[in-house]
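Report on one structure; see the data block that follows.
The values are calculated or read from the model by the stated rules, or taken from the named source; none is laboratory data. Nothing here was measured: the structure is a model prediction, and the numbers come from that model. Glycine gets a Cβ as well: all are built from the backbone with ideal geometry, and neighbour counts include every protein chain shown. The protein model used for the area step is the full one, side chains on, heavy atoms only, and it has no ligands, DNA or RNA in it. Shrake-Rupley method; radii C 1.70, N 1.55, O 1.52, S 1.80 Å.
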Amino acid sequence: MRKLHSLFLIFLCAIIFADVTSFVPKDYDFFVLLKGNSLYYSRLSSVPLFRFILKDDRVALESLFVSLLENTCNNLGIPVDSVYEALENDILFASKGTEFSLDQFFSLDLNYYFQVLRNIGSNSIVVLKTSKPEQLLRLMARLMDLKMTRSEGVWILHDTDVAIFAAAHESYLVMSGSRTALMKAIDAYDMEGLQLKNEEAAVKELLNQSAWLYGFFKKDTLKIKGPFVSTNNPETDYVTVLGVPSGESLKIEVRQLLRSNSNMEKYVSSVTPMLGMPFVGNFVFSATAAGPLDLAESLSQWFHGAQDEVRKIYDIVSQILRVSTGRVYVTGDLFGESIRLVVIFELSKDIDMSFLIRYGAKSFGSEIRLPILNGFISFFQSDRRLIMTNLTKEEYDRLASRKKLRDDVAYQYISRNYANRDVLRLFIDLGSLLKQILGINATGKFFLTQQFEGQALVYRMEVM
């Protein structure tokens with residue numbers, strides 16, 4: 001009797017402590033979880049950028065989505081509440097043997113997510129919480145133009161080159177690109193010893209925190225890569241992600257734990273000099289000149305064309321960095337027919353600008369211009385600073401005197417909540433960027449800082 005009593009207690013505990021992450025097998029490489037969507041959606045829609053995207057009459061993605069959903073549900077005879085139920089609860093995606101790019105997670109195109117589901121891998125799962133799994137699958141099949149059949153307790157959404165396997169378990173709908181992965185996820189849910197969260201202490205610590213967005217990635221399976229930001233590091237042990245809408249901002253923290261710190265403190269520097277720098281266009285960026293980011297590579301990425309031209313920029317920037325100190329500052333445009341770019345180097349000693357001549361540069365009074373692609377890059381000095389820009393010196397002087405970073409109220413407001421020293425920092429005026437892209441007035445700001453804490457590189461992002 002005692003033995004039966006003990007087994008019952010074990011079973012009861014497993015049910016009580018089971019949640020959607022219990023479906024993630026211990027050999028999976030990562031998972032991404034959106035938790036408590038009904039609670040956080042209203043907070044998310046209070047963030048200026050998302051309020052513009054979701055609520056503004058000129059964009060109004062929320063009303064467009066609702067209209068599409070209700071029309072489709074009515075045509076199929078499916079209660080729309082069954083969809084809302086799934087969207088308002090937890091949503092999980094997990095996989096192994098692949099990488100996850102954070103910039104691929106967010107899209108304004110609803111069809112994008114259906115394409116992701118259509119192409120779900122044979123070692124990937126998507127889990128939704130729903131009391132009406134069959135109705136939800138019928139809707140998905142219709143929207144993805146797939147046939148729906150059932151075999152041995154498993155639904156199959158398919159056509160000639162796509163197969164999605166799905167099953168209801170407890171109060172969840174589990175979907176995968178293979179029957180094997182589907183059954184493996186269900187087995188993991190039923191047996192604690194097969195679950196990732198019981199294999200990795202960092203996962204339990206992550207899930208104990210209160211948030212909307214959670215992510216856990218083994219080694220280097222999370223990819224954040226852009227002109228100025230990259231998580232590529234062979235020393236990565238694991239990466240965690242937490243995201244919380246709060247007030248009028250969405251805050252996201254990406255913590256990249258390294259196997260060794262490699263004396264990373266040497267890459268931390270003061271951000272105070274940024275305030276006196278010019279703000280040209282819709283973004284500013286600053287990073288410690290000594291690294292660890294390959295600034296020569298990042299800056300050369302801005303120039304598209306013949307490989308030898310791009311390599312020329314890389315070589316020039318590399319030489320300037322050898323005599324640079326403090327931080328490198330970049331400002332300009334992210335979109336437009338005529339993109340402006342300004343790079344400011346703090347020099348540790350005098351530099352002989354004549355080295356530019358061997359790359360084809362010519363002197364134009366107080367500046368040296370290097371012909372490249374369909375334009376030129378101008379180089380000139382101001383005190384202990386070297387300016388590299390695709391503007392003339394006269395154009396630069398006029399813009400530099402018009403607005404400094406310290407004049408931007410949003411930057412001052414956001415940055416006061418972050419440390420005065422970091423590895424790199426990025427600020428984007430999303431409202432200005434969206435106006436250039438869409439041609440309508442918009443609101444929104446983006447702020448990112450990379451810091452070093454213990455053995456972790458920490459990226460803190462804030463969207464307003």
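A compact table of results
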read-out	value
Accessible-area value, residue 463, 1.4 Å probe, nucleic acids and ligands omitted, Å²	20 Å²
Helix 133-143 vs. the chain, principal-axis angle (Cα, 0 to 90°, nearest 10)	50 degrees
Computed E for residue 259/residue 413 - FRET, C-beta separation, R0 45 angstrom, nearest 0.05	0.75
Per-residue ³J(HN,Hα) for segment 176-185, Karplus 6.51 cos²θ - 1.76 cosθ + 1.60, θ = phi - 60°, Hz, x for Gly and Pro	8, x, 8, 5, 4, 5, 4, 5, 5, 5
Rounded if a/c under 1.5, otherwise prolate or oblate - segment 39-96, Cα gyration tensor axes	oblate
Neighbour net charge for residue 382 - beta-carbon separation under 15 angstrom, K R +1, D E -1	-2
Environment charge of residue 92, counting only residues whose C-beta is closer than 10 Å and scoring Lys/Arg +1, Asp/Glu -1	0
Partners for residue 403 among lysines (Cα-Cα distance below 23 Å; same-chain residues under 8 apart left out)	393, 435, 445
Inter-part distance where segment 40-106 and segment 410-464 are each reduced to a Cα centre, Å	24 Å
Quarter of Cα convex hull surface for segment 260-404, i.e. mean projection, nm²	9.4 nm²
Cα centroid of segment 173-199 to Cα centroid of segment 324-372, whole Å	54 Å
Probe 1.4 Å, all protein chains present, accessible-area order of 369, 150, 425, largest first	150, 369, 425
Spatially near lysine pairs across segment 19-163, Cα under 23 Å, sequence gap of 8 or more or different chains	10
Global geometry of segment 149-230, whether rounded, prolate or oblate, following the gyration tensor of its Cα atoms and the 1.5 cut on a/c	oblate
Cα long-axis angle, helix 61-76 against the chain (0 to 90 degrees, to the nearest 10)	30 degrees
Low-density loop positions, GluC sites (Glu not before Pro), segment 130-198 - DSSP coil, at most 15 other Cβ in 10 Å	152, 170
Shape category assigned to the chain from the gyration tensor of Cα positions, a/c cut at 1.5	prolate
